[in-house]
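Down below is the structure, laid out as structure tokens.
Read-outs throughout are calculated quantities, based only on the coordinates presented, and are distinct from any laboratory measurement. Bear in mind that the values here come from a model prediction, so they are computed numbers and not experimental data. Using ideal geometry, Cβ is built from the backbone for each residue, glycine included, and neighbour counts are taken over all protein chains shown.
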Amino acid sequence: MSAVIIYMSLHGCAEKAAILLSEMSWKKVDLVNLKFQDPPRLDNYSTVIIGASVHMGSIQGKIRKFCQEHEWELITKRLGLYLCHMFEGESATRQFNEAYSETLRAHAVAKGLFGGEFNLGKMSSYEKMLIEKAAGITQSVEKLNTRAIEGFGKIIFHLDKS
Ligand SMILES: Cc1cc2nc3c(=O)[nH]c(=O)nc-3n(C[C@H](O)[C@H](O)[C@H](O)COP(=O)(O)O)c2cc1C
């Protein structure tokens, strides 16, 4: 059976992570962006990866809702959960714990804190003003952790064993 990555992304970072992960698998991986697509039926998938990004302390509501409504089904799958974010250390872990339920976190075989990007070119003036005020950011920053993505991909797609 195949794999699916269900994700949402405001400025493309969580999407970049989804594409990088999908390219790691030998088998076909479906990508479903809940911003534009309906949630898929999970029956056909043995592996499900959920990805989101944090903005103002929260992940995308549609991802949260999907996880709540499908928790019972997700715990029958080989499950991976990841987050794009810019806070580091304990704050990043706290955000991950708030994003995904204890049940899902306990069941997941792969959990990823992938870091992220401040891409000023994709932000509204309001967002630029917010991150300048909150974090003093006036230039684009790229901190997507490709090693963490690779490590996550190896676990979720069993690549160490192939
Ligand atoms: C307006 C705004 C608010 C943000 N708030 C947070 C936050 O509360 N915590 C955090 O870790 N990162 C925060 N970030 C950083 C994003 O998580 C980071 O830019 C991430 O790469 C976005 O991924 P996306 O492009 O897939 O949405 C924020 C970024 C913006 C632009």
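At-a-glance table
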{"read-out": "Per residue Cα convex hull volume in Å³ - calculated over the chain", "value": "112"}
{"read-out": "Full-extension gain in nm, ASP160 to SER140, via 0.36 nm per residue minus C-alpha separation", "value": "3.7 nm"}
{"read-out": "Positive-end residue of GLY61, ALA14, THR138, charge dipole of the stretch 2-161 with Cβ unit charges", "value": "ALA14"}
{"read-out": "Anchor LYS16: aspartates and glutamates whose Cα lies under 19 Å away (excluding residues fewer than 8 positions away in-chain)", "value": "ASP30, GLU117, GLU142, GLU150"}
{"read-out": "Count of Lys pairs (Cα-Cα under 24 Å; at least 8 positions apart or interchain) in the stretch 26-109", "value": "7"}
{"read-out": "Cβ-Cβ FRET estimate between SER2 and GLU102, R0 fixed at 41 Å, reported to 0.05", "value": "0.90"}
{"read-out": "Cut-off under 5 Å, modelled amide H: who pairs with ASN145 long-range", "value": "GLY115, GLY116"}
{"read-out": "Structure-based [θ]222 nm, the chain - -39500 (n - 2.57) summed over DSSP H runs of at least 4, per residue, nearest 500", "value": "-11000 deg cm²/dmol"}
{"read-out": "The stretch 2-161 - charge dipole about Cα centre, Lys and Arg +1 at Cβ, Asp and Glu -1, debye rounded to 20", "value": "160"}
{"read-out": "For HIS11, HIS55, order by how many other beta-carbon atoms lie within 10 Å, fewest first", "value": "HIS55, HIS11"}
{"read-out": "DSSP-defined antiparallel bridges as percent of all bridges, the chain, nearest 5", "value": "20"}
{"read-out": "Packing rank of 121-127, 22-28, where each peptide gets the mean count of other beta carbons within 10 Å, highest leading", "value": "22-28, 121-127"}
